[in-house]
Each structure stands twice: as C-alpha cells, then as structure tokens.
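A short worksheet on the structure shown next.
The values are calculated or read from the model by the stated rules, or taken from the named source; none is laboratory data. Quantities reported herein were computed from a predicted structural model and do not represent experimental measurements. Neighbour counts are summed over all protein chains in view; Cβ atoms, including those assigned to glycine, are modelled from backbone coordinates with ideal geometry. For accessibility, only protein heavy atoms count, side chains too; no ligands or nucleic acids. Shrake-Rupley method; radii C 1.70, N 1.55, O 1.52, S 1.80 Å.
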Amino acid sequence: MCCFLIIVVNSILRKCYKEDIFKCTYVMGDFEFSKSEVKLGDLGGNQFSVLLRDCEATSTENLECIKKLLLRNGFLNYFGLQRFGNNLDTHEIGKLILQKDYQAVVERILTPNEHTKRNVADSLNKYKTSGDPTAALDMLSYKNSLEGLILKSLSKDPTNFKGALKSLHYKQQTLYTHAYQSYVWNRVVSRRVKEHGTSVLSGDLVRGEKEGEVRYIIQEVDVRNTDITEVVLPLPGYDVLFPDNCCKQYFEEVLQGDGMSLDHFKGSLGKEFNVSGAYRNIIFKPSEFEADILKYKEEDEKLVATDMDRILERKFERVQEGHAQAEPGQASCEECEV
C-alpha cells in the first residue's frame, strides 16, 4: 500500500514540475507518513482563512467584540452546505434510499440542474426524453462519472434501479444517507435552541470516558455542572441512544413530517447504507481564532496568501489593517456584555 501511494504521489509531482505547475489539477505538499489513517471527523488540524469582501463599514472595536462573543459562546455546530451538494438535494436522495424508492433515487440523480456540465446535461436530457440509457451513455465524454456508472448499469438492466445505485462507489451511496441524517440533526438543533436556548436539559447526552460512548445527565447537580458545549445529539440511526427529554420527540416529529420514522434506519437496509448513527456536539467553540479588517480598492485585489503561495514559498505582503473609528449606533464590547 505504501509503495502504491509513493508511486502515485511521485507521478503527480513529476507532472506538476515537468509541466507548468499552474496548469495542473493537483498540487501536493507538506505531507508525511503516519502510523494511523485519517478518519471521517478527524478535523482537529484543519485551519481555514475566510475572506469576506464588500462588507459594510465597521470598526476594530466591533470586530474584537464579535471575536470575544464567538470565543466565549461558540456557534451552533450545523452541518454546512458541503454535506448537501451544489443543488442542496443530497438529503432528499438519502431519504428516498431509506424509503427504498430506488427508481425515484435514480431519476433524481439523473436530473440535470444549473451546476451540471453541458455534456452531462445533454446526456441526461437524452435519457429523460428517450428512456434509452445506452444512447445517453454514448453521449458522455467521461463514462466513469457518477451519471455514467448509473447509465452503464441501466444499459445492462434498464429496470434494476437498486443495482444502478449500487454500481456507485460505496462512499457515494452512503453520502446520500448521511446527508439525510445531517439534515434531520440540523432541524432538531434549530428547534431545541429556539425553544430552550443554550440551556442544558435533564436527560441530555454527553460523551462517556470511552470513544463512542455517551451517558445521560439526569441529576440536577449534573445538569448545573454541565456546559452546553459538552452536550451531544445523535444523528438518527439504528445504533444510537436518544436524549431522554423533548429532543427525542423533536426527532420523531421531523421524521414524521418527511413520511419517515426511526424504523427506516433499522434492519438490513440500515447496515447496507451505513446509517448506524453517531453523536455530534450541539455547540462548538473555535480555538486560535483571529480576525482583521483589511482595506482594498480593486474588487479582485489579493488580500490573503493562498496555499499555493505557501507551497511555493512566495512572498506576500498583507494589506495594512484598517483603523476606522466606531460609527454612531455601533455596539461596543460593553454593550455586547463580553
């Protein structure tokens, strides 16, 4: 396995440095061997630089106020848009999988949207109008794409829609069901915070001493001594505990509104599409968080160094920090009660 990885990495690097590095699809750097693999959810080393342009005038005082509030209170740990795809419908496909409506699943995947490339869209429209998967497949320039694999499977057995779905990589299949779990989790968190704020409730779940374990907090003294950042909610599945309070009812009501129930996650289907469930903290507090105000004149002016700059060790001078004074009506840190 290690030899294979070395060959792949070396071949990519040779291509990048033999040709123009800026024309390459992939550029790799700052990697090393490790005794353990990176697993889903291992995000402790992730750092991001987020640049917001065209912001309304503010002040460094207000920015410091926001920073302190964020570090003190954290943020709702929602699953973001990445989990739900460009068309924001991966959770809908996941729901159809759990309902075993495989024909609807395939039709949904093979429906083009505004983000679909022209060649793929033409192929999918051909399939929609003719019902001929072979003709649609012939139109694709890249036949091992998600759409190509499904069309290839349908060309062999036009009515085996579950077989077409199973022709996709296993991680792609479970991406849809995980998206639905995430969608339900987001909905439940929103309702909980709307009705109870950031209070810890009797019957909440917190993580146990061993990895993957959780325990209930029932006693009033435990509730008082538990911080909201310790509380977790489950992603619905066949192998998780649910809070012993109103939140379990919230899960049931969200699922019921979708024509679903917790039973849809059980049995052979649950294991087949890996919906055992997991636990996620409701509130997350960031660490090593910094924020600056940068002034710029041109819309496309470069304001922060990119990963490519770091890999190639290119020098980059930051734009001087702004020192605008607070305008009337803007909140001070004291007003934010930091």
Charge dipole magnitude, Cβ of K and R +1, D and E -1 - segment 111-214, Cα centre, debye nearest 20: 140 debye
Per residue, how much space in cubic angstrom lies within the convex hull of the C-alpha atoms of segment 135-202? 143 Å³
Quick one: what Rg and Dmax do you get for segment 178-329 from the alpha carbons, in Å? 22.2, 62
Neighbour cut-off at most 12 other Cβ (10 Å), DSSP loop, GluC sites (Glu not before Pro), segment 61-145: E114
Show me 284-292, 193-201 ranked by packing, highest mean number of other Cβ atoms within 10 Å first. 193-201, 284-292
In order over segment 88-101: 3J(HN,Hα) from phi, Karplus 6.51/-1.76/1.60, θ = phi - 60°, whole Hz, x for each Gly or Pro, gives 6, 10, 4, 5, 5, 5, x, 4, 5, 5, 5, 8, 6, 8
Rounded Å value of the spacing that divides the Cα centres of segment 121-178 and segment 261-287: 27 Å
Which far-off residues, 5 or more places away or on another chain, put their amide H under 5 Å from the one on L235, with H placed in the peptide plane? A278, Y279, R280
Just to check I understand the Karplus step: with θ = phi - 60° and J = 6.51 cos²θ - 1.76 cosθ + 1.60, what whole-Hz values come out for segment 104-113, glycine and proline as x? 5, 4, 5, 4, 5, 5, 8, 9, x, 9
Would you please give the residues with an amide H less than 5 Å from that of L294, counting only those at least 5 places away or on a separate chain, with H modeled from the backbone geometry? G322
Amide H neighbours of V214 under 5 Å, at least 5 residues apart or on other chains, H built in the peptide plane: list them. G208
Exposure rank, largest accessible area first [Y180, Y216, Y127; 1.4 Å]: Y216, Y127, Y180
